[in-house]
Amino acid sequence: MLPKVGKEVHVCAGSLEVENLPSVHSFLPWQKEEAPPFLGFVPATKKEKQKAKQAVAARGELKVQGGCSCGSCRFVLTRFPEEFQHCYCSSCRKLSGAAWQTWMPTEEGQLKWTSKVGLKKVRTTSHARRHVCTKCGVFLTIVYDEDDADACLQTVWPLAGALDDNYTKEDLCLRVSDVSHICVKYKQPWWTLPNDGLQRIKGAS
Ligand SMILES: [Zn+2]
Ligand SMILES: [Zn+2]
């Protein structure tokens, strides 16, 4: 039974705990034109890469940056990430309210904060913490405890959804060589994985 608040309430489906929710056969594509380029992206073929190279060269260099919804927490990445992981674990679902969150594994020191007003790192699982903007409530990263020893050179994985919309599918074609679905055994039954040929991993790796 869904909660009733007033006449109509929209519930974030990803935050539901019900085990036996039926699978859904129809979704309304709402604001599809606002979807980010990484949604549904699969690594490019040689030919697509060639085309992308020309488009990116014509545009000029990309500043890879992102941040929270209110703008008080901002970061830059020293280069575009090479890997994207769509994660269906309960932490990702509960902390976003969505069916999944998409992570961009980066290397040590690749993410630099350019604005940190209201930024806090909070523990979200026994093995990791996440940066959150306490002004607008948006989660931005995950930092695994094993990578958290040195505050200056720590490995921080940002969420793909936090990237600014200044990059294109061509940037993905040129840089991204690995995209996978992870923690698929924790996926909610109402969400159907796309038939995209990408690797599906039961757990985290
Ligand atoms: Zn914010
Ligand atoms: Zn997750």
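Bear in mind that the values in this text are calculations on the coordinates, not laboratory data. Quick caveat, the model's predicted, so the values are computed rather than measured. So basically every Cβ, Gly included, is an ideal-geometry build from the backbone, and we count neighbours across all protein chains shown.
The figures follow:
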item	result
Model label zone, Val9; criterion: amide N under 18 Å from point 7 Å along Cα-to-beta-carbon; scope the range 16-52	16-19
Max mean-square fluctuation residue, GNM over the chain, Cα-Cα springs under 10 Å, options Gln50, Gln65, Gln154	Gln50
Choice from Glu17, Glu83, Glu34 showing the highest fluctuation, given a GNM over the chain with Cα pairs closer than 10 Å	Glu34
Using alpha carbons only: equivalent-ellipsoid semi-axes of the range 67-125, gyration tensor based, whole Å	21, 17, 10
Calculated SAXS-style log₁₀ I(q)/I(0) at q = 0.11, 0.21 Å⁻¹ - the range 85-166, Debye, Cα scatterers	-0.27, -1.06
Positive-pole candidate from Phe38, Leu95, Gly60, dipole of the range 25-96, charges at beta carbon	Gly60
Between the range 59-109 and the range 132-181, the Cα center-to-center distance that results, in Å	3
Spread of Cα-to-Cα distances over 5 Å intervals beginning at zero, given as percent, for the chain	1, 6, 13, 18, 19, 17, 13, 8, 3, 1, 0
Cα convex hull of the range 1-121, projected area averaged across orientations, nm²	11.7
Set Lys49/Lys120; Lys94/Lys135; Lys63/Lys135; Lys32/Lys121; Lys63/Lys116; Lys112/Lys187 screened for pairs whose C-alpha atoms are more than 27 Å apart	Lys49/Lys120; Lys32/Lys121; Lys112/Lys187
Along the chain, longest interval not containing exposed trypsin sites (Lys or Arg not before Pro), exposed being DSSP loop plus at most 16 other Cβ atoms within 10 Å	136-201
